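A short worksheet on the structure shown next.
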Amino acid sequence: MEALSEFLIGLNLGNVVNDNDWVWPVCEIFHFFGMALLIGTVGLLDARILGLGKGIPISSLERLVPWGVAGFVINAVTGFIFIAGNPIGGPMDYLGNLALQIKMILVVIAGLNLLAYYFTGIAKAAVAAGPDDSIMPSAKVVAGISITMWFGVIIFGRLIMYNDTLLLALGL
Ligand code: HEM
C-alpha cells in the first residue's frame, strides 16, 4: 500500500486539487451523476430481470447499459482523483480506509458478475425472453448479485467518512 501511495503522490494531483478549489466539489458532483447513471440503468435492468416491470422488454433496457458503463467510468476517474489528489492526508488516508477497501472488493465482484452475465450466454438468453416472460434462474442470480453489490458500493462509499464508526461496530 505504501508503494502505491508513493506512486499516486508522484502524480502530483494533490497540488492540482490544492491550487484549484473547484476540483473537489466538481468531482463529488460527478461521482453522484455517475452513481445515478449506473443505478438508473444497470440497476433498472437488474430489477426487471428480478421480476419488476413485467411487460418491459429486457432488450430495451439492455440498450441503456452503455450509459451505466459510462457512469462507472465517471466514478472510477473521480474516485481516483479523490484518492490520488487527497489534499489533507494524502492517498494513504483512503488506501488504509476499511470502508473504501470493502467498497473496492464489491466493485470487483460486480465487475466479474457483469462479465459472467455477458460471456456465459445468460445475457443472450435473457434478451430473447418476451416482455411478459419470467426470466431463467441463472439471470436472476446474476441480477441479484449485481444489485446487491452496487447498493453495497453506495453504502460503503458513504461509510468512508464514518470509517471509525465502522471499525467500532466491527470491534476492530
Ligand atoms: C472504482 C471506482 C470508485 C472509486 C475509486 C471510488 C472512490 C470513492 C472515494 C475515495 C470516496 C470518498 C470521497 C470523499 O471523501 O468525499 C467515494 C465516495 C462515494 N462513492 Fe465512490 N468510488 C468508486 C465508484 C463508486 C460507484 C460505482 C458508486 C455508486 C454506485 C460510488 C458511490 C459513492 C458514494 C455514495 C460516496 C459517498 C459520497 C459522499 O459521502 O459525499 N462510488 N468514492
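The values are calculated or read from the model by the stated rules, or taken from the named source; none is laboratory data. Everything numeric here is computed off the predicted structure, so don't read it as measured data. Neighbour counts are summed over all protein chains in view; Cβ atoms, including those assigned to glycine, are modelled from backbone coordinates with ideal geometry. Keep in mind that these areas ignore ligands, DNA and RNA; they rest on the heavy atoms of the full protein, side chains included. Shrake-Rupley method; radii C 1.70, N 1.55, O 1.52, S 1.80 Å.
Data for the structure
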{"quantity": "Phi-based couplings in Hz for segment 28-33 (Karplus 6.51, -1.76, 1.60; Gly and Pro marked x)", "calculated": "4, 4, 5, 5, 6, 4"}
{"quantity": "Candidate residues Asp46, Asp133: accessible-area rank, largest first, probe 1.4 Å", "calculated": "Asp133, Asp46"}
{"quantity": "Calculated from backbone phi, Karplus (6.51, -1.76, 1.60) coupling profile of segment 135-146 in Hz, x at Gly/Pro", "calculated": "9, 5, x, 4, 5, 5, 4, 4, 5, x, 5, 4"}
{"quantity": "Positive-end extreme of charge dipole, segment 2-169 - chosen from Gly121, Val17, Phe32 (charges on Cβ)", "calculated": "Gly121"}
{"quantity": "Accessible-area composition of the chain, carbon plus sulfur, in percent [1.4 Å probe]", "calculated": "73 percent"}
{"quantity": "Choice from Ile147, Ile29, Ile81 with maximal GNM fluctuation in the chain (Cα, 10 Å cutoff)", "calculated": "Ile29"}
{"quantity": "Fraction of the pair-distance distribution of the chain above 22 Å, Cα-Cα pairs, percent", "calculated": "51 percent"}
{"quantity": "Surface accessible to a 1.4 Å probe, per residue, for the residues of the chain, Å²", "calculated": "56 Å²"}
{"quantity": "The chain - mean residue ellipticity at 222 nm from DSSP helices (-39,500 (n - 2.57) per run, n ≥ 4, rounded to 500)", "calculated": "-22500 deg cm²/dmol"}
